[in-house]
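Report on one structure; see the data block that follows.
The values are calculated or read from the model by the stated rules, or taken from the named source; none is laboratory data. Being a predicted model, the structure only gives us computed values, none of them experimental. Backbone-built Cβ (ideal geometry, glycine too); neighbour counts: all protein chains shown. Heavy atoms of the whole protein, side chains included, go into the accessibility calculation; ligands, DNA and RNA do not. Shrake-Rupley method; radii C 1.70, N 1.55, O 1.52, S 1.80 Å.
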Amino acid sequence: METPIFLIKKISRYAFLVFAIISVNFLLPRLMPGDPLVFLFGEEVYGAAMRDPALLNSLTAKYGLDLPVSEQFFVYLQHLARGDLGYSFSYGRPISEIVIERMQLTLMMTVPSTIFSLVIGTALGLSLGWEPGKLVKRAVSAGALLVHSVPTYWLGMLSITIFSLWLGLTPVGGAPPGGATLQEYLSHLALPMSVLTLFNSAYVAIMVRGLTIEVSDEPFVIAALSKGLKPIRFISRHLLRPSLPPLLSLIAIEMGFAFSGALLVEIVFSWPGMGYTMWQAVTERDYPLLQAAFTMVALIVIGANAIADALSYIVDPRMRQA
Amino acid sequence: MSSDMFGLGLDRSNTHKTLLSCIAVTKRFKSGKGSVLAVDGISFAVRNGEVIALVGESGSGKTTLAKIMAALIPPTSGDVYFESLPLSSMSRLDLMRFRKRVQFIPQFPDLALDPTWYLYDSIAEPLRIHGMVNSRAQELEIVRNNSSRFGLSIDQLRRKPRDLSGGEVQRAVIARALAINPDLVIADEPTSMLDPSTQAKIMRQLLDAHSERGFALLLVTHDLDLAKAVSERICVMLKGKIVEEGSTDEIFSNPMHPYTRSLMRGEIIMKEDDWQAACPYYGQCSDRLDRCTSSYPPELKICKERFVRCWRVA
Amino acid sequence: MRFGYSPSKVELLGIALVSAVVTMALFSYLPDGLFGAPSKSPYSPPSLQNLLGTNDIGEDVFSVLLRGSRVSLTIGFLGAAVSTLIGTLIGIIAGSSRGILDDLLGSLTDLFLVVPALPLMIVLAAYLGPSFINVVAVIGLLWWPTTARLVRARARQVTESLFVEGLIGIGARKLYIIFRHILPNVLGIVFARFVLAVSSSILLEAGLSFIGLGDPQNPSWGTMLHFAMTRGALLYGAWWTFIPPGFCISLTSLGFILIGMGIEHRISSGTKSVGGFA
């Protein structure tokens, strides 16, 4: 009965989020201190345009920069609808091409890593939260906290030193050339993905451990145990199922973290995904590229949130009344 | 509109003046499905200096009515008049004056005071808010007087609520209400959460303060014996309506509503029933008539200051 | 009054870690060259002259590490202070209001919770330019939503408790109630969040500096990692230039997390959250 209202609310919330991100993308370069043209063109093009009035005029006309801000926004939306994110001077290519290509490389690393860390982290978290007082489990929990406090990129630097430089097991970094075999891809991805997975499973394990401890204090759990239910069946029936919805929203947040972590890991391993692209854009002051990369990352994270929301909606009908 | 038309004001004012009155007050709470009518068109008055008891079982709407009269929650319709000034059209300043002169004592001592504040500061707080003291010495004097009257020591005033018992906190709540010398104290079951010996002691101290300072006391209670012992007048409330009102002596010598009688026999029984009758007591009434299902009786004036709502009496 | 505050083992470990870093920061005020003179040769490995070797421009790594601790801690504290202040204000106003104000601030908080913080920080910091103040501002302005959400929930709970109704009854005004009564009641959570935010903002600062958005005048641990990465120390195998700063970042962040979790646990043994990422 109340389902449609709930759905409409959720959908409009995500629509608003997307709109907000797009607006922020439009407003940021115009609100920052300094000449907005630097941020709109990127430093190199800005310098060229300052020397060449003709170039300045053509760029101004293209982005409609002589128009009032409201109309500029409209022009911006038109460009966006056509998939035109502007031109990157540092790559000499349209930004949309770069971003789509790089996003695939980032997803190639983050999606499997997220799935692995959810499986590993959930299993680890459940076992750590079950009778959490044991010395071994407390030590492992402390270890998970420590891993979670370690910067991912530093972990990456350590692993390059050990596995690539000292042991010579993996390539130092970069992505294999086009047309490479799966094996080549795996050899390049092994280290960054392991680092990312280690970090993210630690995070998931900490959260799931907390949830498990909370749930196992509840009366129904104590009642179920006193009836002599076997721990394995008990865990699947009474721990995993009720904690699925919070787990799903955890996944959504986790995607955000996974992305942030991945961005920095990519830099260390020169894996040319979104993070590496953002880094290069920062170094080259290629602001249009930086901003497009941010927008894509934000949209993907919002998308992950929406999927997690939809899944918990399917899993738990009670959510529909919320 | 004068309160006269409800027979509340002029004809009774020969001895006392009306201090606080409510006229046709209704409160509807939204709940999951539909709404609940907690207070259903109640009119009655509290006069200067009297002790009046509002008696009813839990769920009768008495706490809601008390909070409406203390201006803590707004009524859905109807209005509350303080010295003939309606609450709904009071200015900020008027409302401030009202807050200074009318004090509310809640039922539950847990969390009735800010857990992070020392008792002393909580008791002194209304004095500070209303700018009633000029110096720390004067404040200390007033707080100490009001606290020691209720048996709170200086040492206890230096503690926070969690380090005190429920009874001690409730004493502080009462001391705070009395510290600013109000004209009316609305006490919602002030002692019901405490153990019996503490109950009697605190009630005695509250009544002593009443006779000494002459403030009016509206005592909300489920306990008819308590009402009999302390109040001059009694209103019996049932399902959001006042079914009988009169002086304590008359109600006890001649209870007219069947519900009042069963309360007196100690049969505390109001349960949910499926009767869709106009009179909420129909389902359990031993004296019911056919017309009780179709229409609810109006307030029948028996004599001066004596009302009952029952077709049997009519 | 109660004075019997005895820290748990977890908190003790956290306090020990944090004290160690604070001591490092204090040592950095001693005259330069006390712990190792700058050597002429870059990338010289650890020796008796240079306990942790030298970096790409021949500076003593140990001295740079000490100065870095000062920068990382200062930015950690300032960033956490700004974000906690913003989060507390937004949370307390939303939690003690009803209707539009609450809805508005609630949606704003949700919005910022979903938008990935680090990428947005990178964009903002790139626009504002690398400076000490900008790093603090970027962290402070974007790391408040979790605090705001938790403070809002607690403030809502306090607002609905009986004593607030009592305060209305004695004539207290809304702002008075918020600042004199609701604020003291949420301070416990605010303090726990602050300590956890210090951990987060040390990690965030390190991340931003690693990308090259830190203040070049005040090199932090993250800046050390940045130079190790961009000036070849990593591929040269000069592990002594990047292992110590990363180690320090991890242990400092862990120290604050442990203290913060201890405080959170003390307040309520219910919900736990971890305020950090890298």
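Rolling a 1.4 Å sphere over the protein heavy atoms, what is the accessible area per residue of region C:137-278, to the nearest Å²?
Averaged over the residues of region C:137-278, the accessible area is 33 Å².
Between C:Phe256, C:Ile139, C:Leu235, whose Cα lies farthest towards the positive end of the dipole of chain C when Lys and Arg beta carbons carry +1 and Asp and Glu beta carbons carry -1, centred on the Cα centre?
Going by the Cα projections, it comes out as C:Phe256.
Just grab the label-to-label distance for B:Asp287 and A:Arg51, each label 7 Å out from Cα along the Cβ direction, in nm (one decimal).
10.7
Residue-wise, which Karplus ³J(HN,Hα) couplings in Hz belong to region A:200-216, taking 6.51 cos²θ - 1.76 cosθ + 1.60, θ = phi - 60°, and x for glycine or proline?
With coefficients 6.51, -1.76 and 1.60, one gets 6, 5, 4, 4, 4, 4, 4, 5, 5, 4, x, 4, 4, 4, 4, 5, 6 Hz.
Could you list which residues have their amide H under 5 Å from that of A:Arg93, counting only those 5 or more apart in sequence or on another chain, with H placed in the peptide plane?
A:Ser88
Interface C/B, total buried accessible area with a 1.4 Å probe, nearest 100 Å²?
What C and B bury together is about 1900 Å².
Roughly how tilted is helix A:287-315, in degrees to the nearest 10 and between 0 and 90, from the longest Cα axis of chain A?
Helix A:287-315 sits at roughly 30 degrees to that axis.
In region B:84-179, what GluC sites (Glu not before Pro) fall in a loop by DSSP, with at most 16 other Cβ atoms inside 10 Å?
Listed in order of number, the matching sites amount to none.
If you take every residue apart from C:Arg231 with its C-beta less than 13 Å away from the C-beta of C:Arg231, what net charge results, scoring Lys and Arg +1 and Asp and Glu -1?
Charge balance in the 13 Å sphere: -2.
With every protein chain left in place, what is the accessible area of B:Ile302 in Å² (1.4 Å probe, nearest 10)?
70
Using only Cα atoms, tell me the angle between helix B:119-129 and the longest principal axis of chain B; keep it within 0 to 90° and round to the nearest 10.
80
Over chain B, what relative contact order in percent results from Cα pairs under 8 Å that are six or more residues apart?
20
With θ set to phi - 60° and the Karplus curve 6.51 cos²θ - 1.76 cosθ + 1.60, what are the ³J(HN,Hα) couplings of region C:225-239 in order, to the nearest whole Hz, using x for Gly and Pro?
Running phi through 6.51 cos²θ - 1.76 cosθ + 1.60 with θ = phi - 60° gives 5, 4, 5, 4, 6, 8, 10, x, 4, 4, 6, 6, x, 7, 4 Hz.
Using Cα positions and a limit of under 18 Å, work out the lysines in reach of B:Lys27, with same-chain residues fewer than 8 apart set aside.
Counting by Cα, and skipping residues close in sequence, B:Lys27 has these lysines nearby: B:Lys62, B:Lys67, B:Lys239, B:Lys241.
Given H placed 1.01 Å from N in the peptide plane, which residues other than close sequence neighbours of B:Cys235 have an amide H under 5 Å from its amide H?
Correct list: B:Ala53, B:Leu54, B:Val55.
Check B:Leu217: other-chain or 5+ apart residues with amide H under 5 Å from its amide H, H built from backbone geometry?
So B:Leu217 has HN proximity to B:Glu50, B:Val51, B:Ile52, B:Val185.
List the trypsin sites (Lys or Arg not before Pro) within region A:124-153 that DSSP assigns to loop and that have no more than 13 neighbouring Cβ atoms inside 10 Å.
Qualifying residues, ordered by number: A:Lys134.
Considering only protein heavy atoms and a 1.4 Å probe, what is the carbon-and-sulfur percentage of the accessible area of the protein assembly as shown?
62
Apply the Karplus parameterisation 6.51 cos²θ - 1.76 cosθ + 1.60, with θ equal to phi minus 60°, to every residue of region C:111-118 and state each ³J(HN,Hα) to the nearest whole Hz, in sequence, with x for glycine and proline.
4, 5, 5, 7, 5, x, 6, 4
Calculate the tail of P(r) for chain C: the fraction of all Cα-Cα distances greater than 22 Å, expressed in %.
I get 62 percent for the Cα pairs in chain C exceeding 22 Å.
Explain nothing, just the number: relative contact order of region A:95-320, from Cα pairs under 8 Å at least 6 residues apart, as a whole percent.
Normalised by residue count, the contact order of region A:95-320 is 31 percent.
Kindly compute the accessible surface that chains A and C hide from a 1.4 Å probe when together, both sides summed, and give it to the nearest 100 Å².
Chains A and C together bury roughly 4400 Å² of accessible area.
Over the whole of C:124-130, what's the average partner chain Cβ count within 10 Å per residue? Rounded to a whole number, please.
5
Could you tell me which residue out of A:Val18, A:Ser90, A:Ile8 lies farthest along the dipole of region A:1-102 toward its positive end? Charges go on the beta carbon: Lys and Arg +1, Asp and Glu -1, centred on the Cα centre.
Positive-end residue among those listed: A:Ile8.
Pick out which of B:Ser89, B:Ser295, B:Ser197 has the largest mean-square fluctuation in a Gaussian network model of chain B, springs linking Cα atoms closer than 10 Å.
Residue with maximal mean-square fluctuation among B:Ser89, B:Ser295, B:Ser197: B:Ser197.
Roughly what angle does helix A:69-81 make with the longest principal axis of chain A, taking Cα atoms, 0 to 90 degrees, to the nearest 10?
70
Please compute the alpha carbon radius of gyration of the protein assembly as shown, then divide it by the globular-protein estimate 2.2 N^0.38 Å. Two decimals is fine.
Compactness ratio reported: 1.20.
Using only the alpha-carbon atoms of region A:95-320 as identical scatterers, what base-10 log of I(q)/I(0) does the Debye formula give at q = 0.13 Å⁻¹?
Once normalised to I(0) and log-transformed, intensities are -0.84.
Would you mind computing, in nm to one decimal, how far apart the modelled labels at A:Glu184 and B:Met193 are, each placed 7 Å from Cα along Cα→Cβ?
7.5
Give me the one-decimal nm value for the distance between modelled label points at B:Glu232 and A:Glu71, 7 Å along each residue's Cα-to-Cβ direction.
A separation of 8.0 nm, rounded to one decimal place.
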